[in-house]
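Right, one structure below, let's go through it.
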């Protein structure tokens, strides 16, 4: 059995007193005074005595530690008896969901009977954090519950460890819903966090009562009527194409247009928008398209900038998925769409590309180079939702570059894409009316 010893000042003084008194006993019996004993023999005796005294001191401290643990366990049992009436005896996920569905903290829109296997339970263990934040990482199906102001004395490190064990045991009851859990307690900032990796993309709702936190998970389509995924192409260590003078990287232009588009979409409460990146991050292709498939998005729009060896090439073009191209991504993401990506009301990728080209060129006043069926681009090939990749303009053309590198031009490009999105949804509504 291993012990990690955290000594209080009182405990250190106790151990020091044992060593000092034992040394006095040793000296009273003539230890170190017999001149007939060689110096080597004398040192051997001293070492033996010190080892013995050290063992006695450590063993005494272990006994004190065990007494502390016993007192703490009794206190936790008393506290658990007080909360026992609010929690199921066995603590199974099914019983806890039934208890959580009746909690007063549930709001009207999520107060119905909880879906089977969709409630995660995190016990408080008597803690009352100053602040609790639930963060989402939609790109990696990850949740992070962060609690600040969680105090554990360093002499009671075992209390934090027991709490973590209890949380892990509770989350194990969720079965295949969870793919991984990473709990962590920061002793310096007194902050506890637990990262939860889920099997699919969910929309989390956080509730609490006196004994636990409850994270209710719902699929995006159970919460939102309209879902859109916007992808800022490239990013991080993937710069994309460059301007002829190498002064401008495509990743920066794409991000600037995306952020301008976000300002417009933020005003729309009727559309839930997922973004693959909102900063200069390296994002691989698979997570981008998986996000669109997991969200069962109405539309997936990827924003890019073009380049060509002939500097005269200019204007806007849009790529879309080749009709009937099979994709293995559906099996990976769990999305239920056929090979020809069609929105819920019949808008195809080709129709989406047409709309994007018309609206962007109308607002940005660039030449329309056409729409192109693409069989090779990864995010289009593996998309199970209507997808369009917009090449806004050419970084290698002087006039196009002047438009793209200015905020006014970026705002116009964003406005054109925004109008295309609204028109695409309008086409859906028209088909519903018919």
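Quick notes on this structure:
- When you count the other C-beta atoms within 10 angstrom of each residue and take the mean per peptide, 252-264, 268-280, 357-369 line up highest first as 252-264, 357-369, 268-280.
- Theoretical gain in end-to-end length, residue 140 to residue 422 [0.36 nm per residue, Cα-Cα removed]: 98.7 nm
- Residue-span extension gain [residue 165 to residue 128] - 0.36 nm each, minus C-alpha spacing: 11.5 nm
- Working from label points 7 Å from Cα in the Cα-to-Cβ sense, the residue 41 to residue 199 distance is 7.5 nm.
- Counting only DSSP beta bridges whose two residues both lie in region 224-433, roughly 25 percent are antiparallel.
- Two-decimal Rg/Rh across region 224-433, once Rg and the Kirkwood Rh are taken from alpha-carbon atoms: 0.94
- Taking a quarter of the surface of the Cα convex hull of region 134-218 gives a mean projected area of 5.8 nm².
- Potential lengthening between residue 284 and residue 172 on full extension [0.36 nm per residue; Cα-Cα distance subtracted]: 37.3 nm
- Our summary gives region 224-433 a relative contact order of 28 percent, counting only alpha carbon pairs under 8 angstrom and 6 or more residues apart.
All of the numbers you see were taken from the coordinates with simple rules; none came from a lab. Bear in mind that the values here come from a model prediction, so they are computed numbers and not experimental data. Positions of Cβ are generated from backbone atoms using ideal geometry, with glycine treated the same way; all protein chains shown enter the neighbour counts.
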